[in-house]
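Each remark here refers to the structure printed beneath this line.
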Amino acid sequence: MSLFRRSVAIMLGLLLLFSAGIFGIEVHQTRDSLAERQQVTVDNLAQALSLSLVPFVEIGDWTSAETLMRAVSDGGSVRRLQLDAVGRDTPLVVANPRDSDTPGWFQQMIALPDTDSEREISGGWSALGTIIVESDSAEAYDQLWSLALTLLLWLAVGMLIVLVLCAVGVKRLLGPLNRLSTRLSDMQIDGFDEPLPASRVRELQGITESVNLLGARLNAQFDQQAEQVVRLQRLTEQDAVSQLGNRAYLARVLDEWLAAPVGGALAILRIDHLQVLYRQDGFEARDQAIRAIGGVLKVARIGGQEVQAARLSAEEFALLLPDVDDAARERWLGEMLDRIDDSVDANPLSESRVEHTRAGVVLRDTGMNREGLLARADSALREAIELRQRWVVVSPENALAVRGRQAWRQVIDQALEARDLSLVAQPVLLADESELHREVFVRLREGDEVHPAYRFLPVINHFRMGARLDLAVLKSLADKRIRWQGRLAINLTADSLADAETFRALTDWFEMHPTLTAKLDIEVSEEVALEHIDTVQALFRLGHRLGMRCGVDRFARNLQAMAYLARLRPDYLKIDQGFFARDEVDAEFLRSLCMAAHQVGSRVIVTRVESNAQRERMAAVGADGYQGYLAPIAPLTAES
């Protein structure tokens, strides 16, 4: 129960107790007053009748005596009159009982005493008889009942007014505390980006200052941890001269790229003029040129997407290109090679450009591994050098990969329209072998053939069809009433967050299916989180409110931007096991990476774990769980 409700409940209890006391005191005082008045009335009537009946008793006129007694009893306060006379063998009794409208339970609770009065009828020196008057309490009960109803009404109205005023007052008094509580709750999701505003309530000022101080310390601690991770990454994955990635970095990103269902290409560049600079001007001139090339490649983007670059040797660089049109890639390659040529040999007096840079480009194909990909790219580079071409592109050999994008688009459109999807899921296990969730993977049916995601997702990303795919998967879960225990994880595409309309459609679906949504975990890749940070933050806030857990996939591809974790506060992070499988990666770097994630309350999940040795190593450096071939994929079955 909230503090406000407790305060109101306490005030309500006190008001009820106070009102009950007032009611009891007032009713009992009125009861005593009525009983006393009733006794006085009976005494007076008995005295008056003892005098008035003397002449009738003396002459034995019992009819007139009875008439007088009935006239007295008609007043309503007398229940019974009894005349015992010397001249009568039997008493003369006049009874006039009256029924009361007061409930019986009230009469029992507020019982009035029975009152009567007896007087002698004096006839000179001798007594002529006695008169007994017994009171009727019906009228007194009715008066008490009317008083009780009126008193209860006014007490109820007064108590309601006082309760409303007290509730408003308490709410105003608790307003600063509620705002502080709400802000602290938001900090669990948003972090300590902004300090709490100073409170005007003296008792809360110390709490506000302490929370701000604690938040500043936690932010500083996270920043220091993130800086340590970046420093350790530079030692293991950064080339000291070009400030680009080294071979270890390239090996990791290639493994992640080949494991992800995306398209793109690998390009290896060779700049022979760097060797000329070394022979003519020494290593300082060559290193200066390498730094210039590194500056160009570090900010390179194609189609609005980042290009990942690494230095392979003294004269060779590797570029991982995102999936774009062939024409856009060719145009970008020409412009980039020209910029690199200008960086190593800028001669404004030359009438023609000297081409120093050659490139071998390999488009991604199914079934590739890192060694084969690098070998084909190196072969294409040698061919470009021999043929004196600026670059040579190696196209895919697989028949399905050769199929045109438009043909794939037609297949995808038909499958999404008919919602002809096959859903499978792979468990994500924690270190104690308990299940965190199962990640859903989608496959498309084309006749009797089922296409895995790596075949069609590059086309979906190219044509911006990801939002349709996300909603189709969610609707399939709802329409087919997939039966499962535990939680399912859905990896959302960038298209669902790219514009307001698709994002609203996604959030509307979540809010319209609260039961299913509460059993879902949602994930976005690190690239999507960085590109749409505000939208992802809003999505995570909604997710937490609806009972979802939120995560970031493909974490640690850009350690320079780790500050986004403090803003998003994801429940878990998924990182490729390529970080953990390489012996040249220092364990301290991996441990610092996990500690930085734990600083923001995130679990670290290592993906593509293929052996017990890899699982043991990831547990040794602080990772919380794993996903991979040790926990195989299984289909999601629908209810019959």
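The values are calculated or read from the model by the stated rules, or taken from the named source; none is laboratory data. All of these numbers come straight from a predicted model, not from anything done at the bench. Note that each Cβ is placed from the backbone with ideal geometry, even for glycine, and that neighbours are counted across all protein chains shown. Ligands, DNA and RNA are stripped out before the accessible areas are found, and what is left, the full protein with its side chains, is counted by its heavy atoms. Shrake-Rupley method; radii C 1.70, N 1.55, O 1.52, S 1.80 Å.
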Using a 1.4 angstrom probe on heavy atoms only, work out the carbon and sulfur share of the accessible area of the chain in %. 52 percent
Let me know the Kirkwood hydrodynamic radius for segment 28-166, please, with Cα pairs as the basis and the value in Å to one decimal. 17.1 Å
Normalised radius of gyration for the chain, please: alpha carbon Rg relative to 2.2 N^0.38 Å, two decimal places. 1.81
Please work out, to two decimal places, the log10 of the ratio I(q)/I(0) at q = 0.19, 0.20 Å⁻¹ from a Debye calculation in which every Cα of segment 228-387 carries one identical scatterer. -1.30, -1.42
Put a dot 7 Å past each Cα toward the Cβ at TRP105 and THR515; how far apart are the dots in nm? 4.2 nm
With N denoting the number of residues in segment 1-83, provide Rg(C-alpha) divided by 2.2 N^0.38 Å, to two decimal places. 2.15
Karplus couplings for segment 254-264 from phi (6.51 cos²θ - 1.76 cosθ + 1.60, θ = phi - 60°), rounded to Hz, Gly and Pro as x? 5, 4, 5, 5, 5, 7, 8, x, 10, x, x
In Å², nearest 10: area of ARG464 left accessible to a 1.4 Å probe: 150 Å²
If the viscosity is 0.692 mPa s and the temperature 37 °C, what translational diffusion coefficient in µm²/s does Stokes-Einstein give for segment 207-278 when Rh comes from Kirkwood over Cα pairs? 203 µm²/s
Please report the relative contact order for segment 444-530, taking Cα pairs under 8 Å with a sequence separation of at least 6, and give it as a percent rounded to a whole number. 29 percent
Residue-count net charge about ARG603 - beta-carbon cut-off 9 Å; Lys, Arg +1, Asp, Glu -1: -2
Quick one: work out the % antiparallel among DSSP beta bridges in the chain, nearest 5. 70 percent
Of the chain, which part is the longest with no GluC sites (Glu not before Pro) in a loop (DSSP not H, G, I, E, B) and with at most 16 other C-beta atoms within 10 angstrom? 1-350
Charge dipole of the chain about the Cα centre (unit charges at C-beta), most positive-ward option of ALA285, GLN47, ALA220: ALA285
Which entries in the list LYS298/LYS519; LYS475/LYS574; LYS519/LYS574 go over 30 Å, if you measure between the two C-alpha atoms of each? LYS298/LYS519
As a test of the formula, what do you get for the chain when each DSSP H run with n ≥ 4 contributes -39,500 (n - 2.57) and the sum is divided by the residue count, at 222 nm and rounded to the nearest 500 deg cm²/dmol? -17500 deg cm²/dmol
Contact order normalised by residue count of the chain, Cα under 8 Å, 6+ apart, percent: 10 percent
Evaluate the distance, in nm, between pseudo-label points positioned 7 Å from the Cα of GLU316 and of ASP432 along their respective Cα→Cβ axes. 4.9 nm
Compute, for segment 590-640, the length of the dipole vector about the Cα centre, with Cβ point charges of +1 (Lys, Arg) and -1 (Asp, Glu) only. Units Debye, rounded to 20. 240 debye
Can you tell me, using C-alpha contacts under 8 Å and at least 6 residues apart, the relative contact order of segment 233-365 as a whole percent? 34 percent
Can you tell me how much longer the chain between ALA327 and VAL40 gets when fully stretched, taken as 0.36 nm per residue apart minus their C-alpha distance, in nm with one decimal? 91.7 nm
Cβ-derived FRET efficiency at R0 35 Å, ARG231 paired with ARG390, nearest 0.05: 0.40
ALA563-ASN178 FRET efficiency (beta carbon distance; Förster radius 35 Å; 0.05 resolution): 0.70
Can you give the accessible area of THR182, probe radius 1.4 Å, in Å² rounded to 10? 80 Å²
Lys and Arg at +1, Asp and Glu at -1: add these up for the other residues within a Cβ distance under 13 Å of TYR278 and post the number. -3
Charge dipole magnitude, Cβ of K and R +1, D and E -1 - the chain, Cα centre, debye nearest 20: 1740 debye
With a sphere of radius 15 Å drawn around the Cβ of GLU439, what net charge do the other residues whose Cβ falls strictly inside it have (Lys, Arg +1; Asp, Glu -1)? +2
Subtract the Cα-Cα distance of VAL276 and ASP338 from 0.36 nm times their separation in residues, and report this length gain in nm to one decimal. 20.5 nm
Just the accessible area per residue of the chain, please: how many Å² with a 1.4 Å probe? 50 Å²
